[in-house]
Amino acid sequence: MTETETLPEAGAGATKRLFIKTYGCQMNVYDSERMADVLRPLGYAPTATVEDADFVILNTCHIREKAAEKVYSELGKLRMLKEEKAGAMTIAVAGCVAQAEGEEIMRRQPAVDLVVGPQAYHQLPELLTRTARARGERIGADFAPVDKFDALPRARGVQGVTAFLTVQEGCDKFCTFCVVPYTRGAEWSRPVAAILDEARALADRGVREITLLGQNVNAYDGEGADGQPSTLARLAYALADIPGLDRIRYTTSHPNDMGKDLIAAHGELDALMPYLHLPVQSGSDRILRLMNRKHGRAKYLDLVARLREARPDLALSGDFIVGFPGETEADFEQTLELVREVNYASAFSFMYSPRPGTPAATMGAQVPAEVSRERLHRLQALLTEQQLAFNAAQVGRTLPVLFEKAGRHGQQAIGRSPYLQSVHVEDARHLIGRIVAVEITSGQQNSLTGRLTGAVEQAA
């Protein structure tokens, strides 16, 4: 999980300063970018320091442990800063914590002016205006994503050659450990035409790689040109036809929504990168049933086999939760066995933490923290070993690298391999925005190092 700051482009005649702090997943990063977009016409320009801000937004995430506590701690600091500025600062809490605890936030921290759920941030200009006038209605937290996307400005203030693009929101799976169905609502997909319009606009701005986002992105079923539901695979093919758009990724997937056409697309569509995040959470059928995952170990492994048959060089990433209520040592050993069998290129792993309002929070047989911590260390040691081996296996290969930004040293540039690895290359700063053949010379845990081969760019 990450915490980032989003800096929108300055609008013409901007006189006010906006600071957005983003917690959590890629979808929150996308949401922060779009909040900056809706506020740009109001004259808000970026600031890199919260002390200079006229408007501060905390875009929150409710997935991880103590998420709300972190927000309240940050709000305490902002309250003091607001007092120092004699109240000349507007504070908003957005995102999933806002959705789940809106009334509580307003009660506990009166310095907050606005609370905006993830489906209502298009209302920010209206809410901000009301607040400036009379401190009137201050909470916007509903589940109407179609209204949100219809209201957002078409232009996006994206900088660089990569971008996120939300295509699906919400979740109908109701895993017993997860708050997403309660904070993001039911599954809903944007129409194909709207997504293609946004993608074309991104390509016109120089974006060459997009990552399609959704809580269950491969459950995508937005309306197609024929009025019938599309699939993520058909959407990917349509996106690949956009000139200048060379790479497509998507996250996060659910094993139960990996259709045959999407598996086939991984073998047929060059623009679809050979890297897939496919969470499993546990290798134990018993724990998967308690989690309400609606798939078992065998189904997951069969899916991995079919994906690798379609795309032999496919690299897999996953999510794992250790210490779920009732997990025994035998259950955990089955998770280790699954990890060894799949052999992940990377993965995210966490100790279970109860999320208020979820069924798992009231389950008996909670695993002691020290037991969960020891299991997590063992799992992460295995995952790190696999990641190091995968990166080391790239040494000697020549990979197409999309250069994204300048490095820290001299003319160094940093790009991404097809497998989402960060690649550091000297004397390549002039190649930012281009896809270039790079010979990999060394592999570290979290990055690769390479050198230019002199080959012509893969795509113009």
Kindly list, by first and then second residue, each pair from a residue in the range 367-387 that is modelled with pLDDT of 95 or more to a residue that is part of a helix (DSSP H, G or I) and surrounded by 16 or more Cβ atoms within 10 Å (Cβ to Cβ), limited to pairs with Cβ atoms under 6 Å and residues at least 6 apart or on different chains. R375/F332; L382/V339
Members of the range 37-46 that are in contact with a Ser or Thr (Cβ under 9 Å, 6 or more places away or on another chain), in a helix (DSSP H, G or I) and surrounded by 20 or more Cβ atoms within 10 Å (Cβ to Cβ): none
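Name the single residue that is farthest from Y275 (Cα to Cα) among those in the range 401-417 being touching a residue at least 12 places away in the same chain (Cβ under 8 Å) and surrounded by fewer than 20 Cβ atoms within 10 Å (Cβ to Cβ).
G410
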Candidate set from the range 78-113 (those that are surrounded by fewer than 22 Cβ atoms within 10 Å (Cβ to Cβ) and on the phi > 0 side of the Ramachandran plot); member that is modelled with the highest pLDDT: A86
Selection count where residues are within 26 Å of the chain's Cα centre (by Cα) and open to solvent by 80 Å² or more (accessible area, probe 1.4 Å), scope the range 65-77: 4
Can you confirm whether the range 172-182 contains a residue that is of a type in the set (D, E) and either modelled with pLDDT under 65 or more than 21 Å from the chain's Cα centre (by Cα) (or both)? no
Could you grab me the full set of residues in the range 19-36 that are at pLDDT 80 or above, in a helix (DSSP H, G or I) and open to solvent by 10 Å² or more (accessible area, probe 1.4 Å)? V29, E33
In the set L235, L276, L269, which member is over 18 Å from the mean Cα position of the chain (by Cα), at pLDDT 95 or above and either open to solvent by less than 10 Å² (accessible area, probe 1.4 Å) or not aliphatic (A, V, I, L, M) (or both)? L235
Long-range neighbours under 6 Å by Cβ, at least six apart or interchain, first residue farther than 18 Å from N216 by Cβ and in contact (Cβ under 8 Å) with a residue 40 or more places away in the chain within the range 252-273, second open to solvent by 20 Å² or more (accessible area, probe 1.4 Å) and in a loop (DSSP other than H, G, I, E, B): G267/R311
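The values are calculated or read from the model by the stated rules, or taken from the named source; none is laboratory data. Small disclaimer: the values here were computed from a predicted structure and weren't measured. Please note: Cβ atoms are built from the backbone with ideal geometry, for glycine as well, and neighbour counts cover all protein chains shown. Only protein heavy atoms, including side chains, enter the accessible area calculation; ligands, DNA and RNA are left aside. Shrake-Rupley method; radii C 1.70, N 1.55, O 1.52, S 1.80 Å.
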